[in-house]
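The values are calculated or read from the model by the stated rules, or taken from the named source; none is laboratory data. Just so you know, these numbers come straight off a predicted model, no measurement behind them. Cβ coordinates were reconstructed from backbone atoms using ideal geometry, including for glycine residues, and neighbour counts include every protein chain displayed. Surface areas here come from the heavy atoms of the whole protein model, side chains and all, with no ligands, DNA or RNA. Shrake-Rupley method; radii C 1.70, N 1.55, O 1.52, S 1.80 Å.
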Amino acid sequence: MTHDHDLVLRPTAAQTEAALNPPPGRNGGDLVLETLAGLGATTVFGLPGQHALGMFDALRRSDLRYVGLRVENNAGFAADAYGRITGEAAPLLLSTGPGALTSLAALQEARAASAPVLAISSQVPTAGLGGGRHGYLHELPDQAASFRGVVKSVHTVRTQSQIPSAIAEAWTSALTVPHGPVWVEIPQDVLLAPTPIPVVTGGDTFPEELPPRPELTAVAADLLARAERPAIIAGGGVVRADASKKLRQLAERLRAPVVTTFGGKGAFPWTHPLSLQSWLEDRHTTDFLEDADVLLVIGSGLGELSSNYHTFKPRGRVIQIEADLGKLESNHPALGIHADARLALQALLETVEEPRTDPTAPERVREVLDRVRARIASQELTLEQDVLAAVRKALPSRAPSFWDMTILAYWAWSAFDPGAPNTMHSAQGAGGLGYAFPAALGAAAADPTQPVLAVSGDGGALYSVAELATARQYDLNVTWLIVDDGGYGILREYMTDAFGEPTATELTRPDYVALAESFGVPGVRTSPETLAADLAKALAAPGPSVVVLPAVLRMFAPTHSG
């Protein structure tokens, strides 16, 4: 009898030849790049640094494409977007100490948004590991400790023979649901030393799937079948699991209205009769969801933004499907199902039988959306709505967009039709500035067939201007819309509302059009009236471009503080 665990993969003739006669001049860095290629990577992001030169020297001998950014944090944002768009682990090559630490904010965003990023950092020489305090440049007593609270897993390599397995283990961790960033660190001397180890030719990994427990699926299916007023909140887990079609099938079978979280934009068709869209920061939507007798929450932890700043208090039964075990029932008691959204939705589709259906559901959805629109219309925010409509008109339906933490993005969270699943992304996971433009560069590297839009305010844009050089160097198809209101616009609003006047929110800024052109990137200054045409023209042109809109936008009034 032959058992699966008795099977051994025998090397091919080519693999045997490569193992017995490896090419000369290889070092530990080659083992890193060979392992990544064996796992299926095609593109790596990063910045070189003194301790990481062994990896970057190996790039000359590798077929992997390298996209180098100008700041480590921006390289992390680019890798984050590449992971979101492709669903693959995005390698990020970094140096030690300051270079490594500069990536922390990007890795926090990747963790919050479940973006698979494989960060590989150099370390000081092996003798300096463990807090030896030898005084090496960039030395930290425990570099890995800075990352343990941010990434999913940390892997420290001490010898060349550990490199392939450590990277494969990290790769598996990054792609095991919930996806997320992981950290591998390799000492300088290990990367630089010549290696006698054969060329790495394999490396397939198989992240485990996360199916729902059948007894929980049975209870959930029964609750949904007997529900009179079911409703669904669809989060980012639905998009990441590529489960949008299954969500639509279940919603239509149950006739259950669906609202998508800001991270779940595109999980459900925007104009579907059962779509409540994404108006989560609205009391009319909150009231509707509280009135559901059974509320199905898929791929969301119902955190601050998804719960109208924790004012949401469901009165019916809650079923929560979530791949991140720590988020199950973290905010509301529920029938918690620890599972991947796609597998759980498939199980429900196979289990729910003859549900009650609410023939008035589409009418009730229209009533909620009408009340939302009336509330917004009463606030005289025509400029903001016109600007958002112009962006939607100019952007092709399947083109991805990346949004910084800026007023127009806050509008887009609630009011923007994403066009398709996995096309609208923002930094709302961790909430840091400077995300949009470098992330858009990563998305353009992932799929050069689509134009990519980045949206920033002038404050957030100042975090990312160095990457205009990256955009030009690699000729990436990214159009950067900068809404220039003279400072940190949303903080200006918050402080004025809270204290009567703002402090430290006004900024001296450059002429962004002239700045773009100094990098060889076309720039244009637009107006609300010409924005749609100017943006469409920029998106249609190959290569990078910048569109600057001088405008002071306002937010719609919140409902959570009333």
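A compact table of results
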item: Residue list for the range 284-300, restricted to those being in a helix (DSSP H, G or I) and open to solvent by 20 Å² or more (accessible area, probe 1.4 Å); result: 284, 287, 288
item: Test result for residue 465, under 15 Å from residue 481 (Cα atoms), open to solvent by 10 Å² or more (accessible area, probe 1.4 Å) and modelled with pLDDT of 95 or more; result: yes
item: Unique match (being assigned to a loop (DSSP other than H, G, I, E, B), surrounded by fewer than 22 Cβ atoms within 10 Å (Cβ to Cβ) and touching a strand residue (DSSP E or B) at 6+ places or on another chain (Cβ under 8 Å)) among 269, 273; result: 269
item: Complete set of residues in the range 376-394 that are open to solvent by less than 50 Å² (accessible area, probe 1.4 Å) and touching a helix residue (DSSP H, G or I) at 6+ places or on another chain (Cβ under 7 Å); result: 384, 387, 388, 390, 391, 394
item: Failed item, numbered, when residue 531 is tested on (1) more than 17 Å from residue 462 (Cβ to Cβ); (2) without any contact (Cβ under 8 Å) to a residue 12 or more places away in the chain; result: (2)
item: Condition met for residue 547 (in contact with a Ser or Thr (Cβ under 7 Å, 6 or more places away or on another chain), farther than 28 Å from residue 377 by Cβ, touching a residue at least 24 places away in the same chain (Cβ under 8 Å) and buried (at least 18 other Cβ atoms within 10 Å of the Cβ)); result: no
item: Residue list for the range 301-339, filter: within 27 Å of residue 405 (Cβ to Cβ), assigned to a loop (DSSP other than H, G, I, E, B) and modelled with pLDDT under 95; result: 301, 302, 303, 304, 308, 309, 310, 311, 312, 330, 331, 332
item: Within the range 52-99, tally of residues that are surrounded by fewer than 20 Cβ atoms within 10 Å (Cβ to Cβ), under 29 Å from residue 142 (Cα atoms) and among the small types (Gly, Ala, Ser); result: 1
item: Failed item in (1) of a type outside the set (S, T, N, Q); (2) open to solvent by less than 60 Å² (accessible area, probe 1.4 Å); (3) modelled with pLDDT under 95, with residue 206 passing the rest; result: (2)
item: Single unsatisfied condition, residue 509 versus (1) open to solvent by less than 70 Å² (accessible area, probe 1.4 Å); (2) touching a residue at least 40 places away in the same chain (Cβ under 8 Å); result: (1)
item: Hits in the range 281-297 (condition: at pLDDT 95 or above and under 24 Å from the mean Cα position of the chain (by Cα)); result: 296, 297
item: Residue satisfying condition, being under 30 Å from residue 285 (Cβ atoms) and in contact with a helix residue (DSSP H, G or I) (Cβ under 8 Å, 6 or more places away or on another chain), within set 159, 217, 195, 205; result: 217
item: Flag if residue 496 is at pLDDT below 95, open to solvent by 50 Å² or more (accessible area, probe 1.4 Å), within 30 Å of residue 303 (Cβ to Cβ) and not aromatic (Phe, Trp, Tyr); result: yes
item: Search result, residues across the range 131-141 that are touching a residue at least 12 places away in the same chain (Cβ under 8 Å) and either open to solvent by 70 Å² or more (accessible area, probe 1.4 Å) or in contact with an Asp or Glu (Cβ under 9 Å, 6 or more places away or on another chain) (or both); result: 136, 137
item: Filter result for the condition that a residue is open to solvent by 10 Å² or more (accessible area, probe 1.4 Å) and without any contact (Cβ under 8 Å) to a residue 12 or more places away in the chain, over 281, 329; result: 329
item: Residue in the range 116-124 that is over 23 Å from residue 28 (Cβ atoms), crowded, with 22+ Cβ neighbours inside 10 Å and under 20 Å from the mean Cα position of the chain (by Cα) present; result: yes
item: Any hit, the range 471-479, residues being in contact with a Pro (Cβ under 9 Å, 6 or more places away or on another chain), closer than 26 Å to residue 382 by Cα and modelled with pLDDT of 95 or more; result: yes
item: Answer from 52, 58, 37, 75 - the residue that is within 23 Å of residue 462 (Cα to Cα) and in a helix (DSSP H, G or I); result: 75
item: Meets criteria (of a type in the set (A, V, I, L, M, F, W, C), at pLDDT 95 or above and closer than 15 Å to residue 421 by Cβ) for residue 219; result: no
item: The range 201-213, residues that are at negative phi and under 30 Å from the mean Cα position of the chain (by Cα); result: 202, 204, 205, 206, 207, 208, 209, 210, 211, 212, 213
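Here is a yes/no grid of residues against (1) at pLDDT 95 or above; (2) in contact with a strand residue (DSSP E or B) (Cβ under 6 Å, 6 or more places away or on another chain); (3) closer than 16 Å to residue 428 by Cβ:
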site: 236; (1), (2), (3): yes, no, yes
site: 244; (1), (2), (3): yes, no, no
site: 248; (1), (2), (3): yes, no, no
site: 253; (1), (2), (3): yes, no, no
site: 258; (1), (2), (3): yes, yes, no
site: 262; (1), (2), (3): yes, no, yes
site: 265; (1), (2), (3): yes, yes, yes
site: 278; (1), (2), (3): yes, yes, yes
